[in-house]
């Protein structure tokens, strides 16, 4: 076998399979010496081979590169990088640590891995994560491609990939519970529910142990690689299994008409702060990859996780775009939700840029054209950019929708006017940008916070199991337990909670914008009052499939609700209109208990909306009553409407929602709207 090393090439970065071997390329501006380590097993205590880069021949600009013949896909490898370990300028080289390749397409995690071995002095070879050479070619996509569904007809379901099928009662085969393959088995459930896109919580390879001692990182917001799928989510044991199994999942979801959106974390890594482990970026080129304080000794912490990625550095910008391109081109994903996306607006000093290069790089990249881009437009340091996030194509999680809709249904004073604005796409927030209505991603719950069941069952968070004396998690929940903290056998309280769940779901799905539901809300999944359940990989934090039967009425309600959501989408020619144009052209009017007399005062708790869509020859009348007593609403008769009752959440199932075409006729000039309920009536234009 020819073992002659050639010079290799600086491009492409990472490990690239070529004829006869593999090209390796690594960026490090400040390194003085680099070694490539080849391993035979995940937990090898010593490399089977060490390839030292000649600092002249294997070094172009700041790129270290070499071609190694005789190896191919499946080869485990890592780096040792030598350089000045002087904290003041920000360098933190530690050649005793085996480092991951920032461009790793696959990662293996030894069974005895723990970040403490990478945080303390000494060699960590046997316990270090290793990169794996990947050849992305050869997979049979069978004609698959990203779906590019219009946002106006999208219903997003945020979910934890593993937790969705990990429960023993999931019905998924034991070998595939909690895996990419396990989710494939549950696609018919999503399809039947009416979901058009799954938003997967982080599936980038992450550090399971990056959390308080004795707990685990369940959510996955501690990435160690931006290119590799998390290996523990694969039912296969081989180092390349996760890649094809994830592709199988994407292909199967696309066949079911469901898009795949990835929750991506480009704001920090699992390496944490000053005392954190040296896994990859810290040991390769610390001041390039991270935002440092002025002295270079400490990490800026805009993420709340100990470090902040230096996203607008040219090298990091390229890595982020390369990562997104890889997931679109090689993995066929349809979109991305950017965790703490406002960090992408910060420069290397932490200052907010008016036109952040990385955001425009992402938006203007031709490979990403048509890909859904969703921003969580805030960060952990107080920067809040909902309605002001830079870019022309970005959609934004609307935290104000969440807060104001919660306040309205809780019965808080002064909430009606804000609720009305949020229901119409939040023009007070987004209208100045003259964008499409779907710029607003509307949600009431997400992974971070109470589940919908817990929102109506607890007045206070109950995070004692997190080990921080209940100090963690958000305190501003705008929740209401309706009389008893936690579970209850009181039928009156339980009926009211059930109704409120349906009120929240109806508001979210029918409001103008892009609706997002959280996993299990359609069956009242509970976390027992924990509003920050990131560190619990346990049955109580998984999807409990017995709830589908227990709360069959809510599940049925959501199915019928989502069926009509597509119908409420505007016509194709209207879909191209901006939000303000859409609102200006729609024939709409607000009312109170009396027609044309909406009550916008602080003590008001109800509002009604008449919409007329001539293109569909349809009139709807939506009545929202968060008051604690029944209210009689006068019904419009402007065009000789004959009203049919589609939804009335005060009625028991199956009358709370009916098939659209079977909606019963409403007689009389008034409709009695029950306390804390939504009513939706429709009529054909005559």
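The values are calculated or read from the model by the stated rules, or taken from the named source; none is laboratory data. Bear in mind the structure is a predicted one, so any value in this text is a computation, not a measurement. Glycine also receives a Cβ, built like all others from the backbone with ideal geometry; neighbour counts cover every protein chain displayed.
Brief remarks follow.
- Residue in the stretch 239-249 that is in contact (Cβ under 8 Å) with a residue 60 or more places away in the chain, touching a strand residue (DSSP E or B) at 6+ places or on another chain (Cβ under 9 Å) and more than 16 Å from residue 106 (Cα to Cα) present: yes
- Filter pass, residue 413 being closer than 30 Å to residue 16 by Cβ, more than 20 Å from the chain's Cα centre (by Cα), at pLDDT 95 or above and not assigned by TED's automatic domain parsing to the domain that holds residue 591: no
- Test: residue in the stretch 656-675 that is touching a helix residue (DSSP H, G or I) at 6+ places or on another chain (Cβ under 9 Å) and either surrounded by fewer than 14 Cβ atoms within 10 Å (Cβ to Cβ) or at pLDDT below 95 (or both): yes
- Considering residues of the stretch 615-635 that are modelled with pLDDT of 95 or more and outside any strand (DSSP E or B) only, the residue farthest from residue 501 (Cα to Cα): 635
- Residues in the stretch 155-172 that are in a loop (DSSP other than H, G, I, E, B) and in contact with a helix residue (DSSP H, G or I) (Cβ under 7 Å, 6 or more places away or on another chain) were compared, and the one that is surrounded by the fewest Cβ atoms within 10 Å (Cβ to Cβ) is 167.
- Within the stretch 630-666, the residues that satisfy the criterion of being within 18 Å of residue 595 (Cα to Cα) and touching a residue at least 40 places away in the same chain (Cβ under 8 Å) are 630, 631, 632, 633, 634, 635, 636, 639, 640, 641, 642, 643.
- Enumeration of residues in the stretch 118-149 that are more than 18 Å from residue 104 (Cα to Cα), in contact (Cβ under 8 Å) with a residue 60 or more places away in the chain and over 28 Å from the mean Cα position of the chain (by Cα): 118, 119, 126
- Selection of the stretch 460-473 for residues being in a loop (DSSP other than H, G, I, E, B) and surrounded by fewer than 13 Cβ atoms within 10 Å (Cβ to Cβ) yields 469, 471.
- Of all residues making up the stretch 637-677, the number that are in a strand (DSSP E or B) and under 16 Å from residue 557 (Cβ atoms): 6
- The stretch 28-48, residues that are within 36 Å of the chain's Cα centre (by Cα), surrounded by fewer than 22 Cβ atoms within 10 Å (Cβ to Cβ) and part of a strand (DSSP E or B): 38
- Matching option when the condition is touching a strand residue (DSSP E or B) at 6+ places or on another chain (Cβ under 9 Å), on the phi < 0 side of the Ramachandran plot, surrounded by 23 or more Cβ atoms within 10 Å (Cβ to Cβ) and in a helix (DSSP H, G or I), among 286, 267: 286
- Residue check, residue 579 at pLDDT 50 or above, in contact with a helix residue (DSSP H, G or I) (Cβ under 6 Å, 6 or more places away or on another chain) and farther than 24 Å from residue 679 by Cα: yes
- For the condition assigned to a helix (DSSP H, G or I), closer than 25 Å to residue 592 by Cβ and modelled with pLDDT of 95 or more, residue 478 does not qualify.
- Flag for residue 593 being touching a residue at least 40 places away in the same chain (Cβ under 8 Å) and either in a strand (DSSP E or B) or closer than 29 Å to residue 439 by Cα (or both): no
- Filtered by the rule that a residue be assigned to a loop (DSSP other than H, G, I, E, B), touching a helix residue (DSSP H, G or I) at 6+ places or on another chain (Cβ under 8 Å) and buried (at least 22 other Cβ atoms within 10 Å of the Cβ), the stretch 114-154 gives 124, 128, 134, 154.
- First in the stretch 606-629 and more than 24 Å from residue 408 (Cβ to Cβ), second anywhere and part of a helix (DSSP H, G or I) and modelled with pLDDT under 95, Cβ under 8 Å, 6 or more apart: 615/574; 616/567
- Filter result for residue 296 (assigned to a loop (DSSP other than H, G, I, E, B) and at pLDDT below 95): yes
- In the stretch 49-84, the residue that is surrounded by the most Cβ atoms within 10 Å (Cβ to Cβ) out of those that are under 22 Å from residue 291 (Cβ atoms) and over 37 Å from the mean Cα position of the chain (by Cα) is 83.
- Residue-level analysis places residue 238 among those that are part of a loop (DSSP other than H, G, I, E, B) and farther than 30 Å from residue 86 by Cα.
- Some residue of the stretch 195-204 being out of contact with any helix residue (DSSP H, G or I) (no Cβ under 9 Å at 6 or more places or on another chain), part of a loop (DSSP other than H, G, I, E, B) and under 25 Å from residue 40 (Cβ atoms): no
- Only a single criterion out of (1) out of contact with any strand residue (DSSP E or B) (no Cβ under 7 Å at 6 or more places or on another chain); (2) under 21 Å from residue 556 (Cβ atoms); (3) buried (at least 24 other Cβ atoms within 10 Å of the Cβ) is not satisfied by residue 496, namely (3).
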